[in-house]
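I have placed the structure first, in the form of structure tokens, so that the comments after it can refer back to it.
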Amino acid sequence: MGARTAGYVAAAALSLATASIAGATQARAPIPGTEGCVGCHSGPAEKSYALSKHGVIARLEAGRTRAGAPPRAPTCVTCHPSQARRPATPHHDNPRARERARAAATATCGDCHAPRYVAVQLDAAARSLAIGEMKRREAQALVESARGDADPTASARIETLYASLVATDLRSLRLGLGHQSPDDQWWLGQAALDGSLLRIKGALSEARRDAARSAAAAR
């Protein structure tokens, strides 16, 4: 078995293992340390953390840590202290506040990990997000083309596909990179972005064919 194949097998095994934990997470109480957050951040954000390496450790270690001992894995409050102190602040709507929150979150990585490891992970996340943004820009260009090439119904459908790409696929990628969650980075992130982009291309091609047939029939 080659190194690349072995990597795919390992990733698939991790995905299956964490998926079973995610199913159990949905059926049981929130992971200790996340109870005050999941009221507003349940759904994709909660699941992304549960599937991450930190979330898996936190779930497995629940109830095993001695009283007063620090947990082995960070929880929401560990990496998002400013939001935990002021949960009603709409930090995600303010770019400057969002950047400060992101800087504070990444600064906590060094509490457990070596600076070089943190730098490598942050660089990899930046590259992956740049790829995701490249796919989003390509999709956006297709949407703009559809406004001129497709009829209103087809154009509206393409815009709906684009909205889903941004709200679901790109968000999953961001969550996966922030939480170090393999499923959200790849299966629900990059792979889902590829699928959505292909569906947009297919819908635009179909709309252009329909427009060409209609124009030919009208001659």
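The values are calculated or read from the model by the stated rules, or taken from the named source; none is laboratory data. Keep in mind it's a predicted model, so treat the numbers as computed, not measured. When we count neighbours, we look across all protein chains shown, and the Cβ atoms used for this are built from the backbone with ideal geometry, even at glycine. Heads up: the accessible areas ignore ligands, DNA and RNA and are worked out on the full protein's heavy atoms, side chains in. Shrake-Rupley method; radii C 1.70, N 1.55, O 1.52, S 1.80 Å.
Details
- Asp149 fulfils the conditions (1) surrounded by 18 or more Cβ atoms within 10 Å (Cβ to Cβ); (2) in contact (Cβ under 8 Å) with a residue 60 or more places away in the chain except for a single criterion, (1).
- Test: residue in segment 182-197 that is open to solvent by 20 Å² or more (accessible area, probe 1.4 Å), within 29 Å of Ala105 (Cβ to Cβ), touching a Pro at 6+ places or on another chain (Cβ under 9 Å) and free of Cβ contacts under 8 Å to residues at least 40 places away in the same chain: yes
- Here Arg136, Arg174 are screened, and the one residue that is touching a Leu at 6+ places or on another chain (Cβ under 8 Å) and within 19 Å of His54 (Cα to Cα) is Arg174.
This table checks each residue for (1) in a helix (DSSP H, G or I); (2) open to solvent by 30 Å² or more (accessible area, probe 1.4 Å); (3) modelled with pLDDT of 95 or more.
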{"residue": "Ala67", "(1), (2), (3)": "no, yes, no"}
{"residue": "His92", "(1), (2), (3)": "yes, yes, no"}
{"residue": "Ala104", "(1), (2), (3)": "yes, yes, no"}
{"residue": "Val120", "(1), (2), (3)": "yes, yes, no"}
{"residue": "Asp123", "(1), (2), (3)": "yes, yes, no"}
{"residue": "Ile131", "(1), (2), (3)": "yes, yes, yes"}
{"residue": "Thr153", "(1), (2), (3)": "yes, yes, no"}
{"residue": "Thr160", "(1), (2), (3)": "yes, yes, yes"}
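- Residue that is nearest to Ala103 (Cα to Cα), among those in segment 162-181 that are in a helix (DSSP H, G or I) and of a type in the set (Gly, Ala, Ser): Gly178
- Remark: pairs (first residue in segment 204-219, farther than 14 Å from Arg157 by Cα; second residue open to solvent by 50 Å² or more (accessible area, probe 1.4 Å) and in a helix (DSSP H, G or I); Cβ separation under 7 Å; 6+ apart in sequence or on different chains) = Ala211/Asp149.
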